[in-house]
1. Mind putting a number on the dipole of segment 46-135 about its Cα centre? Charges go on the C-beta only, +1 for Lys and Arg and -1 for Asp and Glu, and I need it in Debye to the nearest 20.
2. For the chain, which whole-number percentage of the solvent-accessible area (1.4 Å probe, protein heavy atoms only) is attributable to carbon and sulfur atoms?
3. Anyone know which of ALA34, ALA52, ALA104 comes out most mobile in the 10 Å Cα GNM of the chain?
4. Would you pull out the residues with amide H under 5 Å of ALA146's amide H, same chain only if 5 or more places away, H placed 1.01 Å from N?
5. Over the chain, with a Gaussian network built from C-alpha contacts below 10 Å, which listed residue (TRP79, TRP36, TRP138) shows the highest mean-square fluctuation?
6. Per 0.36 nm of contour for each residue apart, how much would the distance between TYR8 and SER106 grow if the chain were fully extended, relative to their Cα-Cα spacing?
7. Check cross-link reach from LYS40 to the lysines: straight Cα distance under 26 Å, and skip same-chain residues fewer than eight apart.
8. Simple spin-label model, 7 Å along Cα-to-Cβ: VAL144 to PHE156 in nm?
Amino acid sequence: LGLGCFIYANTSGISAEDGGFFSHLVMNDMSGNARWLIWKCTIGMFAQEPIAQKLFGSGLSSYSTHIYEYYAEELMAVWGVENRLADAHNVFLDMLATSGILGAVSYFGVSIHVLIQSMKKVASQPTALMAILTIPAWIAVGLVNANLIVTTPLYFGLLGIFWSIVRT
């Protein structure tokens, strides 16, 4: 229901200035601390990339440099010349931009595989429920945040533990 309201508000021509219920759901470039703008620029950058870069990405930790090759004017208008975006503020888009389609599929394939195997084993191994709860939570957080140096190794460590639980 919530997703339906969000989609309706952003596709029906409702303005944020209308003042009604749906106007509070309308996204603009500055929504979510300008995440909407960042995501639009990231998708636009990816769409303009040559096929090799779409497959393999621009390289880990290259987002900050690469996005400004395409959208410097728009981004500097928001953050100024001194500040630079470090990432896409979305794990999925960040992996797509820096690691390409192959890297993103590999990155998320591990999580999805462990989640599916955990769902198959939860009846016989109740500890698999930990993975069933943790992986979707990680994915949900990834919608609005990037990989962090502290949490990402912890997450993959947990994936290893979950895998050891469900593979037997």
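1. 660 debye
2. The nonpolar share, carbon plus sulfur, comes to 69 percent.
3. ALA52
4. HIS89, ASN90
5. Comparing TRP79, TRP36, TRP138 in a Gaussian network model of the chain, the most mobile one is TRP79.
6. The TYR8-SER106 span can extend by a further 32.0 nm.
7. Once the sequence-local lysines are set aside, what remains near LYS40 is LYS54.
8. Taking the simple label geometry, VAL144 and PHE156 are separated by 2.6 nm.
The values are calculated or read from the model by the stated rules, or taken from the named source; none is laboratory data. Please read all numbers here as calculations on a predicted model, not as lab measurements. Don't worry about glycine lacking a Cβ; one is built from the backbone with ideal geometry, like all the others, and counts go over all protein chains shown. These accessible areas exclude ligands, DNA and RNA; they are computed on the full protein's heavy atoms, side chains included. Shrake-Rupley method; radii C 1.70, N 1.55, O 1.52, S 1.80 Å.
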